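All of the numbers you see were taken from the coordinates with simple rules; none came from a lab. For clarity, every value in this text was computed on a predicted model and none was experimentally measured. Note that we place each Cβ from the backbone using ideal geometry, even for glycine, and neighbour counts take in every protein chain shown.
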Amino acid sequence: MRLEHIHTLPEPWGVEDDFERVLQWLSLGLDDALDVSPPWGIHPEVRIRDWQEAPTTAEPYWRLCREYQTPAGPLRHIVRRTDEKISPGWVVQPDHVPLFEDFNVPRGVKHAVAGPEDLPKLRYLLQEPTTNQLSDYRARMAVVRRFAQEQGVLVQGWSGFGMDAVAWLCGVERAIVAAMIEPEFFRALLDVVEDFDRRRTEMMLDLGGVDMVVARGWYSGTDFWSPALFRKFLTPNLKTSAGLAHQAGALFAYVMTTGALAMSEQLLAADIDLLYFVDPLQEKTDLALVKDKFSGRLSVAGGISSAVTLCTGSREDICQAVHTAVRKLGPTSFILAPVDALFPDTPWPSVEAMIEAWKDVCELG
C-alpha cells in the first residue's frame, strides 16, 4: 500500500499492476518506465509506539503520534489527522505517522527532527535493509528486469531522497531557517541524509537491473532555496550521486519542477543526464530559454502542465501546448511528458488530445 515509501495508496498495488500499466501505454504507442526503490531497515533495538490523541478545544483535529525508542533516546513524531474526503484514485493519509510522507509536512505538530540532539536517534531509523527485505527486493528486481527486457522499457531507481527527506524530517520552515542561521546543524542533517541516500544507491546499483538513478528534488526548487544555498548544500552531493550512477553504467536524473533556469549552472555542474520536470506554467519563462541553456548538455522531460493545461484546457489549448513544447524544447534531448503526472481527475479526452497532438508533431517532423 506504500508507493516508493512515500505515499499510501487507497488500494493494493503490486508489480503486476505496474506491468499492466506499461502494457497499456505501449499499446497506445507511448513510452513508459518502471519505477523501483530500494528498501531500508531500522536498528533491531528500536521500539515503536503508536497512539492517537483526541481533539481538544485548542486542537480541533485528532493527532497521530509515533515514538521511536532508540539506543540514543526517544524520537517523537506527531501530525494532525485531517480526515478530508479523498476522491477515488488519490493517495491517502495513513493511519499512523510514517517517517517519510508528504502528508506530514503541512499537518506536522512535532516533526521528527527538531535539532542536533535528534540526529544520533535518526541514524538508528535509517539502517541497512534486513535479510528479508533484501531477499524480497532481489526477487522483485528479477521479475522487473525480465519484463523490462522483454518489453524494451527503462527501469528507473528512486534511491535519492535528498532535500525532500529534509523537508519530511524537519518541516519546510525549520529546514530553511536552519540552513540560514544554523548551518552546522543543517550540514550535519544533510550528512545523515546523504549517507543514507548513498548507501541505498550503491546497494541498488550493485544488485543491478536499473538503467537510471533518480533523485527527488520537489522540495529543492526556488520556492524554497536560493541559488547560493543550492550551490552550498545540494550541488556537491548531486555530483557525487551522478558519479555513482555513471560509474555503474547508469544514467542519473533529478526532479526539480521550479527554478530550472535560476539553478541551471548548479544543475549543469552536477553532471545530471535528465531533468524532471520542466513545466511552462510553473517555470514562468520562455521554454526556448531552457533549451538554450541546457541543449547538448542535459536532457529535459516535461513541457505540458498536467494540473492546468490537461485538467482545464480545451482541445485547442492542449494541441497548442504540445506544439509549443516540442518546437521550443525539442526535437532532440527532450521527452514530452505531463508535469508531473497524470492525476486521477485528469480527463481522459485531454490525454487523448495530447497524444494525438504529439503524433501530429512527429508526422510533421
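Run lengths n ≥ 4 of DSSP H only: what is the helix-derived mean residue ellipticity at 222 nm for the chain, with -39500 (n - 2.57) per run over all residues, to the nearest 500? Let's see the in-between values first.
Details: 14 runs with 157 residues, N = 365.
Only helices count here, giving -13000 deg cm²/dmol.
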Review point. In nanometres, what is the gap between the two model label sites at Ala341 and Asp50, each 7 Å from Cα along Cα-to-Cβ?
Key: 2.1
Point to revise | J(HN,Hα) series, the stretch 29-36, from Karplus relation 6.51 cos²θ - 1.76 cosθ + 1.60, nearest Hz, glycine and proline x | key: x, 9, 8, 9, 9, 9, 9, 10
Revision key, fill the gap. The answer for Ile304, listing residues at least 5 apart or on another chain whose modeled amide H is closer than 5 Å to its amide H, is Ala337, Val339
Revision key, fill the gap. With the stretch 165-206 reduced to its Cα atoms and the Debye formula applied, log10 I(q)/I(0) at q = 0.21, 0.25, 0.30, 0.34 1/Å amounts to -0.65, -0.79, -0.97, -1.10
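With r defined as the distance between the Cβ atoms of Lys359 and Gln247 and R0 fixed at 51 Å, what FRET efficiency is calculated, to the nearest 0.05? Walk me through the numbers before you get to the answer.
Values: r = 38 Å, r/R0 = 0.75.
Computed FRET efficiency for Lys359 and Gln247 comes out at 0.85.
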Review point. Tell me, what is the percent relative contact order of the chain, built from C-alpha pairs under 8 Å that lie six or more residues apart?
Key: 12
Practice item. With θ set to phi - 60°, apply the Karplus curve 6.51 cos²θ - 1.76 cosθ + 1.60 along the stretch 321-336 and write out the HN-Hα couplings as whole Hz, x wherever there is a Gly or Pro. Key: 5, 5, 4, 5, 4, 5, 5, 8, 9, x, x, 9, 6, 9, 10, 5
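If a/c stays under 1.5 just call it rounded; otherwise compare a/b with b/c (prolate if a/b is bigger, oblate if not). Do that for the stretch 100-245, with a ≥ b ≥ c from the square roots of the Cα gyration tensor eigenvalues. Let's see the in-between values first.
Values: a/c = 2.14, a/b = 1.72, b/c = 1.24.
Judged from the Cα gyration tensor, the stretch 100-245 comes out prolate (a/c at least 1.5, a/b above b/c).
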**Study point:** Karplus (6.51, -1.76, 1.60) ³J(HN,Hα), θ = phi - 60°, over the stretch 150-157, in Hz, Gly and Pro reported as x
**Key:** 5, 9, x, 10, 6, 10, 10, x
Review point. So what is the relative contact order of the stretch 287-365, in percent, for Cα pairs below 8 Å that sit 6 or more residues apart?
Key: 40
Point to revise | Rg ratio (alpha-carbon, reference 2.2 N^0.38 Å) - the chain | key: 1.01
**Study point:** Phe277 long-range amide H proximity, modeled H, under 5 Å
**Key:** Met256, Thr257
Point to revise | Residues of the stretch 305-339 with amide N under 14 Å of a point placed 7 Å along Cα→Cβ from Trp25 | key: 335-339
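Antiparallel DSSP bridges in the chain: what percent, to the nearest 5? Please report the intermediate quantities before stating the final value.
Details: 22 of 47 bridges.
Close to 45 percent.
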Study note, to complete from the structure: At q = 0.13, 0.14, 0.22 1/Å the base-10 log of I(q)/I(0) from the Debye formula over the alpha-carbon atoms of the stretch 240-355 is -0.50, -0.57, -1.16
